[in-house]
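In what follows, a single structure is set out as structure tokens and then discussed.
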Amino acid sequence: MIIIENPIELFNICKKENSKGFVPTMGAIHKGHISLIKESIQNNKITIVSIFINPTQFLENEDFGQYPQKKDDDIDICKKENVDILFMPLADSIYGINEPKVQANSITSYILDGFKRPSHFDGVLNVLLKLFNLIKPQNAYFGKKDAQQVLLVDKMVKSFFMDINIIKCETIREDNGIAMSSRNIYLDDISTKDLIKVSQSLFDAKAFILKGELKSENIINIIKENIKSMDVNYVHIIDKAFKKCNYVRISNNIILISVNIKKINYIDNIWI
Ligand code: AMP
């Protein structure tokens, strides 16, 4: 495995290869990230993983300075998984001053997670545009766990005629049902129990739907009842164009939950 810090070096190496899979991450690699890496390794000649805690997607009051970092472990995991290139740039080498930017569509990026985090998705799309242009991957792998993110990235790629397949990978969970996340290290016993309730309420909702309950209002009420003791940001059922649905249609909808636990925002969802 080669570790590269310099974007131009990455660009020059990537130019020579036509079958590239790309897995962008912010590091503190866990089994969720590893599932994306495995999927890429299986389907591409070379796999590039990036680890970059992207400053522009954090708001001022968020955990940018404290975001979990496990550089040595991450390198070991990537080596073990047979990653070909690990890209770990410094922020100064990615961003210049007075640069042009893409702007996420305000209708779809200032709702849900973007409602309390305005400009978050602008930061996500801008860094991905840069990384995509450096690497020019044929396939890029994203988790369904960050549903709004993967749908917005898919939209950007299609809108700008970028020749990249955005592959949506299943959410990997702990044995207790919680979606794996680098931020789970902030959890204590009480907040772990709360997050178990979040994932369980999604599994219950799916079971109700499969038994025939299709009215969104009823499903949302059942979920809200299960997590009523928590600081809930939202519970929504949307389609892949972010439209709220009055009735669930199987294979078209996503149930999304966002809660705050000790000032950290946790999201989970289930794709029906
Ligand atoms: P992050 O490092 O949190 O920015 O995540 C990097 C990528 O891993 C994103 O595409 C995430 O959606 C994905 N990811 C994070 N957690 C999981 C999970 N539990 N299962 C599957 N993919 C995940």
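The values are calculated or read from the model by the stated rules, or taken from the named source; none is laboratory data. Values in this document were obtained by computation on a predicted structure and should not be read as measured data. Note: ideal-geometry Cβ built from the backbone for every residue, glycine included; neighbour counts use all protein chains shown.
Please find, among D84, D113, the residue that is surrounded by 14 or more Cβ atoms within 10 Å (Cβ to Cβ), within 15 Å of the ligand (Cβ to nearest atom), touching a residue at least 12 places away in the same chain (Cβ under 8 Å) and of a type in the set (D, E).
Sole residue among the options that is surrounded by 14 or more Cβ atoms within 10 Å (Cβ to Cβ), within 15 Å of the ligand (Cβ to nearest atom), touching a residue at least 12 places away in the same chain (Cβ under 8 Å) and of a type in the set (D, E): D113.
Run down I53, I37, I46 and say which single residue is at pLDDT 95 or above, under 16 Å from the mean Cα position of the chain (by Cα) and more than 30 Å from N233 (Cα to Cα).
I37
Residue by residue, here is whether (1) within 11 Å of the ligand (Cβ to nearest atom); (2) under 21 Å from F121 (Cβ atoms); (3) of a type outside the set (F, W, Y) holds:
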position: I8; (1), (2), (3): no, no, yes
position: F11; (1), (2), (3): no, no, no
position: K16; (1), (2), (3): no, no, yes
position: K31; (1), (2), (3): yes, no, yes
position: I34; (1), (2), (3): yes, no, yes
position: K45; (1), (2), (3): no, no, yes
position: V49; (1), (2), (3): yes, no, yes
position: P55; (1), (2), (3): no, yes, yes
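Filter the range 116-136 down to the residues that are away from the ligand (no atom under 11 Å from the Cβ), at pLDDT 95 or above and more than 22 Å from K240 (Cβ to Cβ) and list them by number.
Hits for the range 116-136 are G123, N126, K130, L131, N133, L134, I135, K136.
Looking at the range 68-79, is at least one residue without any contact (Cβ under 8 Å) to a residue 60 or more places away in the chain, away from the ligand (no atom under 14 Å from the Cβ) and part of a loop (DSSP other than H, G, I, E, B)?
No: the range 68-79 contains no residue that is without any contact (Cβ under 8 Å) to a residue 60 or more places away in the chain, away from the ligand (no atom under 14 Å from the Cβ) and part of a loop (DSSP other than H, G, I, E, B).
Considering only the range 221-235, state which residues are more than 23 Å from the chain's Cα centre (by Cα) and assigned to a helix (DSSP H, G or I).
Answer for the range 221-235, where residues must be more than 23 Å from the chain's Cα centre (by Cα) and assigned to a helix (DSSP H, G or I): N221, I222, K224, E225, N226.
Find the residue count for the range 182-203, including only residues that are within 15 Å of the ligand (Cβ to nearest atom), buried (at least 16 other Cβ atoms within 10 Å of the Cβ) and modelled with pLDDT of 95 or more.
Number of matching residues: 4.
Does the range 148-166 contain at least one residue that is among the basic types (K, R) and in a helix (DSSP H, G or I)?
Yes, the range 148-166 contains a residue that is among the basic types (K, R) and in a helix (DSSP H, G or I).
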